[in-house]
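Nothing in this text is a laboratory measurement; each read-out follows from the coordinates by a stated rule. These numbers come from a predicted model, not from an experiment. Cβ coordinates were reconstructed from backbone atoms using ideal geometry, including for glycine residues, and neighbour counts include every protein chain displayed.
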Amino acid sequence: MTPPLVSIEALSASSVREGGTPVLRDVSLTLERGEVRGLVGESGAGKSTIAKALLGILPETIRITGGWLRFEGRDLLTMPSGELRAMRGRDITLIPQDPQTALNPARTIEAQLTDGLRMKLGLRGTALHARAIELLEEVQIREPDRVLRSYPHQLSGGMRQRILIAAAFAPGPKLVVADEPTTALDVTVQKEILRLMRRMQERHGTAVIFVTHDLGVVAKVCDSVTLLYAGKVIEAGTTADVIERPQHAYTKALIAAGPRYDRPGQGLEPVPEAIFRQLRAELAGTAAKGAP
Ligand SMILES: Nc1ncnc2c1ncn2[C@@H]1O[C@H](COP(=O)(O)OP(=O)(O)OP(=O)(O)O)[C@@H](O)[C@H]1O
Ligand SMILES: [Mg+2]
């Protein structure tokens, strides 16, 4: 039997910076080939920690304290660092949150885009240039020649994000980790970028972990969803099940709050304080269970 593409089992982590505060608490999830899974939760829920663990780029101040993280059945936590490096940027790639800081301001788009193609795909010379043009066309950038000669500051945020999406799909990865890829963009551009993400994913059959605050985004682009609160999985399932038949009171409250639940005053109905009390009580329950 082939193992799932990603299998996270009872993964726990804590923050050294915050005196050993748990950051992930027994998180489990699986991702099949070609599946798009939303990772949802408010700020500090642990979404980026999971994303970074998959890419093997956790900061030293976050320690894994238990559990397993497997990619095609191979344990990422104990994999030699050279192997992990080779896998990162080829089998697993990242679309970062902020297209502004993710690109080097001092280098042209072509120089940055072709770095990866040279290293991971071994392309050189005119083949390299031709592939860069093709990639920009695939993400629907007009005048790709001009864009390749440009520096990041000469392009809009949406254009920069298209370039980062092109770069992430370029090596033909099995998994793309997208960490809030549309948060920094304005609403109309967000919509275009979401459509582009979905089209690229479908065309390449790539699995995606899609980190977002927004259940509305999940409904548009994800097959399945895992909802986190303070590092704990609160609810998980297919998008249709979770959105149409939420089980946990927190999920129900988030759906009632509408897509902007994370922005105080902009949600339809704020999540009631009683639900946060319930969540905290549940966390205390897991902590007690996990204690020796
Ligand atoms: N570099 C770090 N070192 C130690 N602890 C960290 C570090 N970065 C984040 N943390 C802690 O880990 C927890 C989870 O952070 P994480 O970045 O995974 O949350 P998130 O769900 O991605 O939030 P956001 O929506 O704000 O991006 C937080 O409590 C945070 O304080
Ligand atoms: Mg984050």
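Mind pulling the per residue volume of the convex hull built on the Cα atoms of the chain? Å³ is fine.
Working: hull volume 43.8 nm³, N = 292.
Each residue corresponds to 150 Å³ of Cα convex hull volume.
Need one number: nm distance between label points at T101 and E269, each 7 Å from Cα along Cα→Cβ, rounded to one decimal.
3.7 nm
Any idea what log10 I(q)/I(0) is at q = 0.13, 0.18 Å⁻¹ for region 106-172, Debye with uniform C-alpha scatterers and no solvent?
-0.29, -0.57
Within the chain, what percent of beta bridges assigned by DSSP are antiparallel, to the nearest 5?
On the way: 23 of 42 bridges.
About 55 percent, rounded to the nearest 5.
On a C-alpha basis, how far is the centre of region 1-39 from the centre of region 109-129 in Å? Whole number, if you could?
33 Å
Between Q278 and D241, what is the FRET efficiency for a Förster distance of 22 Å, r being their Cβ-Cβ separation, to the nearest 0.05?
Values: r = 21 Å, r/R0 = 0.96.
Approximately 0.55, to the nearest 0.05.
List, in the order given, every pair from K47/K232; K232/K252; K52/K191; K191/K232; K52/K220; K52/K232 whose Cα-Cα distance in the structure shown is over 19 Å. Could you put the intermediate results ahead of the total?
Numbers: K47/K232 10 Å; K232/K252 17 Å; K52/K191 25 Å; K191/K232 29 Å; K52/K220 24 Å; K52/K232 17 Å.
Violating the 19 Å Cα-Cα cut-off are K52/K191; K191/K232; K52/K220.
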